[in-house]
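Novice: Pasting a structure below so you can have a look.
The values are calculated or read from the model by the stated rules, or taken from the named source; none is laboratory data. Small disclaimer: the values here were computed from a predicted structure and weren't measured. A quick note on method: Cβ atoms are made from the backbone with ideal geometry, for glycine too, and the neighbour counts reach across all protein chains shown.
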Amino acid sequence: MPDCFKSIPMKKLTILVLTVFLLTVFSFEKSYGQSSINIIPQPKHLSVGHGNFDLNEHTRIWIVHPDKLKFESQYLADFIKKHTGIKPEIISGTKNEHLKNVIILQLTRKVSGNPESYSLKVTKKQISVIAPASKGIFYGIQSLLQLLPASFYASAHEKKWRIPECSIQDAPRFSYRGMHLDVSRHFFPPSDIKRYIDMLAMYKFNTFHWHLTDDQGWRIEIKKYPKLTEIGAWRDSTLIGRYGRKPVRYDKKRYGGFYTQDEIRDIVHYAAQRQITIIPEIEMPGHSEAAMASYPVFACTPGPFHVATTWGGFKDIYCPKDTTFRFLEEVLTEVMGLFPSKYIHIGGDEVIKYRWENSPFCQQLIKKYHLKNEEGLQSWFIHHIDKFLSAHGRDMIGWDEILEGGLSPNATVMSWRGIKGGIEAARQGHDVIMTPGGYCYFDHYQANRKFQPLAIGGFTTLKKVYSYEPVPKVLDSVEARHILGAQGNVWTEYIPTFKKVQYMTLPRMAALAEVDWTPAKEKNWPDFQRRIHEHFQVYKALGYNYCTGSYAVDIMIQKSAKSDYKIVLSSEIYHPDIRYTTDGSRPTAHSEKYRHPFIVRAGAKIEAAVFVNGKLMEEPATKVAK
Ligand code: ACM
């Protein structure tokens, strides 16, 4: 015992040692936070050790070949620097098993593996991310970054972080993992698009479906047709409030914007570095009011037309004339020059056939080519475009309406009106992306609409997204192979700002990421609840706007006895502190705590809410037992 302690009585000394020990443990916990693993999407195989790797000012990033993984190593170094102030040195050379305090990024010699697979191993000495291709390395880095606690993301510039020992072998379930964004109804500048791509990258999405044209705005510069952006990118006014609500009001403000080809090239490159392919969508033959306003000669009637100022469908669509096809082919040629993606999306949804029905020219075409009707004409239109894209080495994707009148040979179908279109296309041997409205439309409400900002409708909670299984049960194993994956769609009629894009997509995007990545049998809602709770803290630290609708309470009432009712309260939140009343009064942090289902008499008015540290998280849910 050191001399300085000799004068302290034994009992007091024990207390002192214990206090110092507890303080150390607590300050450690406080500094380093989480002790468990919160990766989303859940890796395929994960085992957790007991120790930690210390990330500090001496940590280096090691790449074996100096000419490979340049972007990935710099990305990791920049990320660490941004959030900690530490600038890890990047070194290269033969891998050394004995080297300490290094993060090794290494491509395997075997290139036959799934390029999106990776292994991540964290020991006290080293971290290694090993993969057959840069895709896997990038995903390994994302998992590694998610091993750090939320406080890391708050950029507190602490210089010491603990990363838990673990071993991960991982690969995605689906090859297509997509998120969409409509930039026509509302426009988001390139900087927002990059932030969106960052969000996608965090959750290992590999596809960004960029909905670039629609009735309310044409958003991509086409050199050969400058009026598309001079005229088509701008509308005179925008509907205020919900579509269909009376009286109809407009803001009378000119609104618009577009991406120059240089901006698009820059964004495509930014996404590609983050292993995200951008699929551009150029809508045809419908949703083309902005194009009609720019070039009325491609319509069935003389016009004039205006860029739409309200939502819904419009009857002025492309007229299938030779000149229209030439225009579309020239537009698509510029689009293909900007986007190296295998797929080009041509829309094809919600085509109002009124103009075709009333056009002698269209009726003549239907006769000439022995088409059945206007649906047949639409199919003929889409076949033409499919042939053009195929001749240029690209594959066409369209919304499930392209099934009507006969599917074109090389078409991939996006099933959005439920899953029927997806089933039909897969049975015909076509590839399918599943985006059914009830699970994958993130413009829907996600919690009680009474307390939510305006949305288009629907009710798609986090749990519902998580429950989604992209492969319809009715498909056999050969047909099932045509289901390439699922995509979340973000239509922006009621999403005017990027803050609201974040609100509508977070946390639902995280649930979809797990649907797309994790084997179905490894999905686990309670464990996802635990992990998403940590991600909420990361969103907060990063300043992301996210929906806290998961804190809402769901009240389930079941008839129990003659005039008794069983009340079951739940929330999407992990281990929620639910407080409730049964007399219709507003619950407070001191109301009865919900521990298990309880019985009430008929007429009892249940009000319940989740509290965190005494703070009400969402407006109380209310139901009467009857
Ligand atoms: C769509 O939602 N109209 C594809």
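Novice: Here is a list of conditions, (1) out of contact with any Lys or Arg (no Cβ under 9 Å at 6 or more places or on another chain); (2) among the β-branched types (Val, Ile, Thr); (3) surrounded by 23 or more Cβ atoms within 10 Å (Cβ to Cβ), and residue 412 meets all of them except one; can you say which number that is?
Specialist: All conditions are met except number (3).
Residues are listed down the side, and each one gets a yes or a no for (1) among the basic types (Lys, Arg); (2) more than 29 Å from the chain's Cα centre (by Cα):
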position: 88; (1), (2): no, yes
position: 109; (1), (2): yes, yes
position: 113; (1), (2): no, no
position: 116; (1), (2): no, no
position: 126; (1), (2): no, yes
position: 134; (1), (2): no, no
position: 138; (1), (2): no, no
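Novice: While we're looking at this one, here's another question. Run down 520, 510 and say which single residue is under 21 Å from residue 198 (Cβ atoms) and either more than 16 Å from the ligand (Cβ to nearest atom) or in contact with a Lys or Arg (Cβ under 7 Å, 6 or more places away or on another chain) (or both).
Specialist: Being under 21 Å from residue 198 (Cβ atoms) and either more than 16 Å from the ligand (Cβ to nearest atom) or in contact with a Lys or Arg (Cβ under 7 Å, 6 or more places away or on another chain) (or both) holds for just one of 520, 510, which is 510.
Novice: Turning to a different aspect of this structure: Could you list, in sequence order, all residues of region 389-409 that are closer than 26 Å to residue 337 by Cβ and surrounded by fewer than 19 Cβ atoms within 10 Å (Cβ to Cβ)? Lay out the reasoning, then the answer.
Specialist: Filtering region 389-409 down to residues closer than 26 Å to residue 337 by Cβ leaves 389-399, 402, 408-409.
Selection gives 390, 391, 392, 393, 395, 409.
Novice: If you don't mind, another one. Pick from region 421-434 the residues that are buried (at least 24 other Cβ atoms within 10 Å of the Cβ) and of a type in the set (Val, Ile, Thr): which of them is farthest from the ligand (Cβ to nearest atom)?
Specialist: Looking at the filtered set, the residue picked out is 432.
Novice: Just a yes or no: is a residue in region 101-120 at pLDDT below 95 and closer than 20 Å to residue 51 by Cα?
Specialist: Checking region 101-120: not a single residue is at pLDDT below 95 and closer than 20 Å to residue 51 by Cα.
Novice: For the condition surrounded by fewer than 13 Cβ atoms within 10 Å (Cβ to Cβ), of a type in the set (Gly, Ala, Ser) and away from the ligand (no atom under 16 Å from the Cβ), what is the one hit in 337, 376?
Specialist: 337
Novice: Can you tell me how many residues within region 309-333 are outside any loop (DSSP other than H, G, I, E, B) and surrounded by fewer than 20 Cβ atoms within 10 Å (Cβ to Cβ)?
Specialist: 7
Novice: I would also like to ask the following. For region 585-595, check the following and say yes or no: at least one residue is at pLDDT below 95 and assigned to a strand (DSSP E or B).
Specialist: No, the conditions are met nowhere in region 585-595.
Novice: Considering (1) closer than 30 Å to residue 212 by Cβ; (2) away from the ligand (no atom under 16 Å from the Cβ), say which one residue 448 fails and leave the rest.
Specialist: (1)
Novice: Consider residue 117 carefully, then state whether it is among the hydroxyl-bearing types (Ser, Thr, Tyr) and surrounded by fewer than 19 Cβ atoms within 10 Å (Cβ to Cβ). Even if it seems obvious, please write down each step before you answer.
Specialist: Details: among the hydroxyl-bearing types (Ser, Thr, Tyr): yes; surrounded by fewer than 19 Cβ atoms within 10 Å (Cβ to Cβ): no.
Taking the combined requirement at face value, the residue does not satisfy it.
Novice: Here are 398, 348, 406, 418: which of them is within 16 Å of the ligand (Cβ to nearest atom), more than 25 Å from residue 291 (Cα to Cα) and of a type in the set (Gly, Ala, Ser)?
Specialist: 418
Condition check ((1) charged (D, E, K, R); (2) within 30 Å of residue 484 (Cβ to Cβ)) across all residues:
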residue	(1), (2)
356	no, no
369	no, no
375	yes, yes
382	no, yes
386	yes, yes
389	no, yes
394	yes, yes
397	no, yes
403	no, yes
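Novice: Something else now. Out of (1) closer than 26 Å to residue 469 by Cβ; (2) more than 16 Å from the ligand (Cβ to nearest atom); (3) hydroxyl-bearing (Ser, Thr, Tyr), the odd one out for residue 343 is which?
Specialist: Unmet for residue 343, out of (1) closer than 26 Å to residue 469 by Cβ; (2) more than 16 Å from the ligand (Cβ to nearest atom); (3) hydroxyl-bearing (Ser, Thr, Tyr): (2).
Novice: Can you tell me which residues in region 264-323 are more than 16 Å from the ligand (Cβ to nearest atom), over 23 Å from residue 362 (Cβ atoms) and not β-branched (Val, Ile, Thr)?
Specialist: Answer for region 264-323, where residues must be more than 16 Å from the ligand (Cβ to nearest atom), over 23 Å from residue 362 (Cβ atoms) and not β-branched (Val, Ile, Thr): 265, 266, 269, 270, 271, 272, 273, 274, 275.
Novice: Does region 351-361 hold any residues that are more than 16 Å from the ligand (Cβ to nearest atom), out of contact with any strand residue (DSSP E or B) (no Cβ under 8 Å at 6 or more places or on another chain) and under 15 Å from residue 286 (Cα atoms), and which are they? Break it down into steps so the answer makes sense when it comes.
Specialist: Within region 351-361, the first condition is being more than 16 Å from the ligand (Cβ to nearest atom), and the residues that meet it are 354-361.
Now restrict to residues that are out of contact with any strand residue (DSSP E or B) (no Cβ under 8 Å at 6 or more places or on another chain): 354, 356-361.
354, 356, 357, listed by residue number.
Matching residues to (1) assigned to a strand (DSSP E or B); (2) surrounded by fewer than 24 Cβ atoms within 10 Å (Cβ to Cβ):
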{"position": "157", "(1), (2)": "no, yes"}
{"position": "164", "(1), (2)": "yes, yes"}
{"position": "173", "(1), (2)": "no, yes"}
{"position": "184", "(1), (2)": "no, no"}
{"position": "188", "(1), (2)": "no, yes"}
{"position": "191", "(1), (2)": "no, yes"}
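Novice: Moving on. Please specify each residue of region 568-584 satisfying the condition of being out of contact with any strand residue (DSSP E or B) (no Cβ under 7 Å at 6 or more places or on another chain) and surrounded by 12 or more Cβ atoms within 10 Å (Cβ to Cβ).
Specialist: Keep residues of region 568-584 that are out of contact with any strand residue (DSSP E or B) (no Cβ under 7 Å at 6 or more places or on another chain), which gives 572, 574-575.
Within region 568-584, 572, 574 meet the criteria.
Novice: Exactly one of (1) aliphatic (A, V, I, L, M); (2) touching a helix residue (DSSP H, G or I) at 6+ places or on another chain (Cβ under 6 Å); (3) free of Cβ contacts under 8 Å to residues at least 60 places away in the same chain is unmet by residue 102. Its number?
Specialist: Failed condition: (2).
Novice: Looking for something in contact (Cβ under 8 Å) with a residue 24 or more places away in the chain, more than 16 Å from the ligand (Cβ to nearest atom) and among the charged types (D, E, K, R) - is there at least one such residue anywhere in region 435-443?
Specialist: no
Novice: Take the conditions under 24 Å from residue 510 (Cα atoms), of a type in the set (A, V, I, L, M) and crowded, with 20+ Cβ neighbours inside 10 Å and apply them to residue 129. Does it pass?
Specialist: Spelling it out, residue 129 is indeed under 24 Å from residue 510 (Cα atoms), of a type in the set (A, V, I, L, M) and crowded, with 20+ Cβ neighbours inside 10 Å.
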